[in-house]
Amino acid sequence: MCKVTVSLLELFRRFPDGESARVHFENRRWANGVVCPHCEEKERITKRKNGYYRCNACKKDFTVRTGTIFERSHVPLNKWYYAMYMLMTARKGISSMQLSKEIGVTQKTAWFMLGRLREACGNDPALLSGIVEIDEVYIGGKEMNKHKSKKLNSGRGTIGKTPVLGMRDKSGKVKALSVSGVDRKTLKETVKEHVEVGSEIHTDEHSGYDLLEGEYKRSKVTHSKGEFSVNGVTTNGIESVWAVLRRGLYGVYHSVSNKHLDLYLNEFAFRLHDGSVKKHTYDRLNSLYDNCVGVRVTYKELTSEERSHPGRVG
């Protein structure tokens, strides 16, 4: 077996129950001693039963779940760990129906767990830098394949689809999110939000990137002329992300609503970098767990219509 790969059998042996997973998460989160997630007190902490702690400074109880996506979840932590494993190692993703069968929970619970994990996957404010490839893609069903009642009757091509902007640096780190459009103003604002000013960007010939040339060093390939890699300038890296994304969305998830599209983009972007097969499985899982801390989303928030991106189509 590959030296960086952990099998399911080994995972089960190491984390046979919720208690073993709890101890592991505590060691990861509080490697230098337990810290109160409410007031950040480090000294006046009393250990209680069943993984509970009492902060004698703010008089509040807490566990390793407090202040994470696992908070107020009744699912044992070893099942959460298994869900994290599947999300990181299944290259094209895992459906909530399949996960529910794997860990013995309802499909609704599995869907909620995956939604929380996808929220955590997007918990990375770091900017991309160096050489960054940028490209856009449209996500959505083909008009010809839609039921008559759902057809827009407005033409073909990008009609009825959601534009998605993707950015990938040379380390393989990916950022992807839905945008309101691919006009110059929108592209400039979005790129500046996720790519360090002064970086070198590689794009295709789309004029929407023209406004970026003043703050970034832009190099481009002209696809209409058959150019795909010229003197090291290419967008093949980010386009390979679109290939995996499409296979996952259409082959595993089948369809994704506009409301939740960004969560799925979080998942694929995170897995393609922090879930890289070049990294040890436990390092990948630790990376995902670190993102789970400081994130909280309730079922009501996850299903709220307010989650819809203001610029999304549909």
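The values are calculated or read from the model by the stated rules, or taken from the named source; none is laboratory data. Note that the structure is a prediction, hence the values are computed from the model and not measured. Note that each Cβ is placed from the backbone with ideal geometry, even for glycine, and that neighbours are counted across all protein chains shown.
Of the helices (runs of 4 or more DSSP H) that lie entirely inside segment 69-125, those containing 2 or more residues that are farther than 22 Å from Arg28 by Cβ span 96-103, 107-121. Against the test of being touching a strand residue (DSSP E or B) at 6+ places or on another chain (Cβ under 9 Å), among the basic types (Lys, Arg) and surrounded by 15 or more Cβ atoms within 10 Å (Cβ to Cβ), the options Lys60, Lys79, Lys47 yield a single qualifying residue, Lys60. With respect to the conditions (1) surrounded by fewer than 21 Cβ atoms within 10 Å (Cβ to Cβ); (2) within 21 Å of Gly251 (Cβ to Cβ); (3) in contact with a helix residue (DSSP H, G or I) (Cβ under 8 Å, 6 or more places away or on another chain); (4) modelled with pLDDT under 95, Thr162 lacks only one, and its number is (1).
Looking only at residues of segment 274-314 that are at pLDDT 85 or above and touching a strand residue (DSSP E or B) at 6+ places or on another chain (Cβ under 6 Å), we find that the one that is surrounded by the most Cβ atoms within 10 Å (Cβ to Cβ) is Cys292. Residues in segment 8-18: is at least one without any contact (Cβ under 8 Å) to a residue 40 or more places away in the chain, touching a Cys at 6+ places or on another chain (Cβ under 6 Å) and either among the charged types (D, E, K, R) or farther than 30 Å from Leu272 by Cβ (or both)? Taking every residue of segment 8-18 in turn, none turns out to be without any contact (Cβ under 8 Å) to a residue 40 or more places away in the chain, touching a Cys at 6+ places or on another chain (Cβ under 6 Å) and either among the charged types (D, E, K, R) or farther than 30 Å from Leu272 by Cβ (or both). Is it fair to say Lys188 is basic (Lys, Arg), free of Cβ contacts under 8 Å to residues at least 40 places away in the same chain and crowded, with 16+ Cβ neighbours inside 10 Å? So Lys188 passes the test. In segment 220-242, is there at least one residue being in contact with a strand residue (DSSP E or B) (Cβ under 7 Å, 6 or more places away or on another chain), farther than 15 Å from Glu136 by Cα, among the hydroxyl-bearing types (Ser, Thr, Tyr) and surrounded by 17 or more Cβ atoms within 10 Å (Cβ to Cβ)? Checking segment 220-242: not a single residue is in contact with a strand residue (DSSP E or B) (Cβ under 7 Å, 6 or more places away or on another chain), farther than 15 Å from Glu136 by Cα, among the hydroxyl-bearing types (Ser, Thr, Tyr) and surrounded by 17 or more Cβ atoms within 10 Å (Cβ to Cβ). Annotation: Gly33 fulfils all but one of (1) in contact with a strand residue (DSSP E or B) (Cβ under 9 Å, 6 or more places away or on another chain); (2) surrounded by 12 or more Cβ atoms within 10 Å (Cβ to Cβ); the unmet one is (2).
Checking each residue in segment 20-52 for being within 25 Å of Tyr85 (Cβ to Cβ), within 27 Å of the chain's Cα centre (by Cα) and not β-branched (Val, Ile, Thr) picks out Ser20, Ala21, Arg22, His24, Phe25, Glu26, Asn27, Arg28, Arg29, Trp30, Ala31, Pro37.
If I filter segment 12-33 for residues that are over 24 Å from Met88 (Cβ atoms) and not charged (D, E, K, R), do I get at least one hit? Within segment 12-33 (the criterion being over 24 Å from Met88 (Cβ atoms) and not charged (D, E, K, R)), the answer is yes, since at least one residue qualifies.
Residues in segment 160-203 that are under 16 Å from Trp242 (Cβ atoms) and of a type in the set (Ser, Thr, Tyr): Thr162, Ser178, Thr203. Residues in segment 243-256 that are assigned to a loop (DSSP other than H, G, I, E, B) and either closer than 18 Å to Cys121 by Cβ or in contact with a strand residue (DSSP E or B) (Cβ under 6 Å, 6 or more places away or on another chain) (or both): Val252, Tyr253, Val256. Scanning segment 2-28 for residues that are assigned to a loop (DSSP other than H, G, I, E, B) and of a type in the set (D, E, K, R) yields Lys3, Asp17.
When you check Arg218 against the structure, is it outside any helix (DSSP H, G or I) and at pLDDT 95 or above, yes or no? In short, yes. Evaluated against (1) outside any helix (DSSP H, G or I); (2) in contact with an Asp or Glu (Cβ under 8 Å, 6 or more places away or on another chain), Glu239 falls short on exactly one condition, (1).
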